[in-house]
1. Can Val516 be described as β-branched (Val, Ile, Thr), modelled with pLDDT of 90 or more, closer than 28 Å to Arg409 by Cβ and not in a loop (DSSP other than H, G, I, E, B)?
2. Does region 286-328 hold any residues that are assigned to a loop (DSSP other than H, G, I, E, B), in contact (Cβ under 8 Å) with a residue 12 or more places away in the chain, over 25 Å from the mean Cα position of the chain (by Cα) and farther than 15 Å from Glu350 by Cα, and which are they?
3. Yes or no: region 562-581 includes at least one residue that is at negative phi, open to solvent by 50 Å² or more (accessible area, probe 1.4 Å) and among the β-branched types (Val, Ile, Thr).
4. For region 351-380, give me each residue that is of a type in the set (S, T, N, Q), open to solvent by 20 Å² or more (accessible area, probe 1.4 Å) and closer than 20 Å to Ser541 by Cα.
5. Filter region 3-36 down to residues that are among the acidic types (Asp, Glu) and farther than 20 Å from Pro146 by Cβ, then give me how many there are.
6. If I filter region 90-108 down to residues being aliphatic (A, V, I, L, M) and not in a loop (DSSP other than H, G, I, E, B), which single residue comes out as most open to solvent (accessible area, probe 1.4 Å)?
7. Quick check, is Lys544 over 28 Å from Glu286 (Cα atoms), free of Cβ contacts under 8 Å to residues at least 60 places away in the same chain and not acidic (Asp, Glu)?
8. Filter region 252-285 down to the residues that are within 17 Å of Ser383 (Cα to Cα), open to solvent by less than 30 Å² (accessible area, probe 1.4 Å) and in a loop (DSSP other than H, G, I, E, B) and list them by number.
Amino acid sequence: MNSIWNKNCALLQQRFPQLYDMMEAELLAALPAVDNVITEKTIDFPCGWTLKQAKTGAWTGESSGSGGQALHSRYDPQKEGQRLAQSLLQEMEVSQKQVPVFMGFGLGYGLAALAQEILAAQAVAGMRGQVEAGKNPLAGLVLVEPDVACFAAALWSLDFEPVFALEKCALLVGASHQSVLGVLESFGLEKCHCIWNKAHTSHNQQYFDGLQTLIQRNRDKDAINNRTLEKFGQLWLRNSCRNLEFLATCDGVKRYENLGWNLDACVVGAGPSLDEILPHLKEIKERCLLIAVDTALRACLRVGVEPDFVVLGDPQYWNARHLAGLSSPSSVLVTEVAAYPSVFRFPCQEVVLCSSLYPVGKFFSSHGLDKGELGAGGSVATSAWGLARLCGCRRIFLAAVDLSFPGKRTHAHGSTFEEKTHQNSTRLIPSQHSQVSALFSADISVKKSYTGEPVITDQRMELYAWWFESKIAAHPETKNFSLTPQSLAIPGIEAFPLESLLQEPPCPQERQEFFVNQEKARAKFQERQQEIKRHFHQLYSELKDGLFQLYKAARKGLSLCQETLVLQDGPNFEAAFSRIISQLATIDQAIRTSPYHESAALAFPSQQQLDMLYEQAGLSSNPQRATLEKSRILYQRIMEALAEYNKFLE
């Protein structure tokens, strides 16, 4: 073994002991035999890389998997790595990214040079007393390499000491896609700058292509979430405030945790294939916990079956309409505090809450009123699946969760959507017009169903399918099946013949045990009702007081800006600007770090809204005045938003 290898292994074991223990045998197996070293100083590694000495004497290499493509410069790989590091730092400064992510790194020259740059910058910042969070040049470094054997070649050829010396270094060797994505999300996906080098990914192109697709889907999801937040933020805020007291009077889905350990669950969606499921729904309920999404309830009741659970997640008015005029006395309605208020008047056995996805509800959840997470992937079916998993069910069957248009149909017969198209149809605009619009309104694509047949889907539903895929991969202990083979095929979910399920014996005893335990949990909640109400009202008062403190801080900032802006340009203005700019920084810090800042997030203007206001205001050409004018607009909008928030709370 060479000295670089021994040093790197010692550092790796010290820095990542568990990872080293897992990989030790594979690392040793990936080293070349001694007699592979020949007089020309070339070494063939088992991973398919051939290492040679560059003109400078440093090791460089070629990847046989890409037709002899060079991994690094054949002349001076170290200098090439330094240029790459400088280029990355410049790119990330422009894009305001903070986390470089190496998707494969060859022998590691680029990442080693970047690590040295980071360490040097941190040392300079430390000497200046700027080591606190936010002042370091980069927030972290992520290394992704699916093949342990390739990682072994890198450790054999290059000193990794600067890499392992970084405080925030994530080393992902042989990690699954979901593990990589989880690490990137912990840093913040919007902060990550991914480095894709064909020479460093070609040895396992399928892995990296899949990972790239997964990251892009997450970024698309985040962009959709931001647009949705801007469009519906006020609605979510208003609904949450109107429904807050239900946090004290309604129990949470946490009480169902693992109660269904000896049961299966069937999640019923409202896709077109629901028509094939409805005649057998009663028999399915005898064998499973029946969990229906809100859009499927009308169809379920039409065949005389009340689901055990009805799940409604979307806070919009039109989703509340799916329950309008219906009643399901034996069903438990699962929703969240941001739902449209009329939902809480739905005639059912009980309303049970899941933890809110929105800031107002999250404030109460994080302070002792946690109801239980179900997660959300844009579709209510994802929340229904989350409920089945929370119950600890052995198997989860999806029925009519089509995420596609099987047979070029958009909805099940008799659904709220279809009924609405018939009600609104005219001679010139028949119901088929609306159905065709729904079919082709998004970017459509053709994918495969569970039978292998082509099925039409769109970008939005593919995103929902990806959510199922990612969550199922994260919870391999749960077995997932689809009872409707014409649905869009989702990796991790297998087709299961409906006939086979119906041939299994009913499970009345297991179902009864589940509901008996549910009643016990309900009784415990009722016993603690007064205590919970007192805690809720205490938090409610704290929230109102905290929001008022934010309002006062914004009002003070606004006053400082206005007092300074009335001064004419000149020495007096310059002196006043220098004096108050630090005060404004203190106010901004107080607002950002307030424990109530997050709960007010829906009320605050988005960056896009602020940019529009700045443009409409016609900012001064004087940079200092422009800074104060922007601050004045921001403080004014924060005050208006908090005042409106307070009205909702009242």
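The values are calculated or read from the model by the stated rules, or taken from the named source; none is laboratory data. This is a predicted model, so every value here is computed, not measured. Glycine also receives a Cβ, built like all others from the backbone with ideal geometry; neighbour counts cover every protein chain displayed. Keep in mind that these areas ignore ligands, DNA and RNA; they rest on the heavy atoms of the full protein, side chains included. Shrake-Rupley method; radii C 1.70, N 1.55, O 1.52, S 1.80 Å.
1. no
2. The answer is Val303, Gly304, Val305, Ala324.
3. Within region 562-581, one or more residues are at negative phi, open to solvent by 50 Å² or more (accessible area, probe 1.4 Å) and among the β-branched types (Val, Ile, Thr).
4. Ser365, Ser366
5. Residues in region 3-36 being among the acidic types (Asp, Glu) and farther than 20 Å from Pro146 by Cβ: 1 in total.
6. Ranking the qualifying residues of region 90-108, first place goes to Val94.
7. no
8. Once the filter is applied, which keeps residues that are within 17 Å of Ser383 (Cα to Cα), open to solvent by less than 30 Å² (accessible area, probe 1.4 Å) and in a loop (DSSP other than H, G, I, E, B), region 252-285 yields Gly260, Gly269, Ala270, Gly271.
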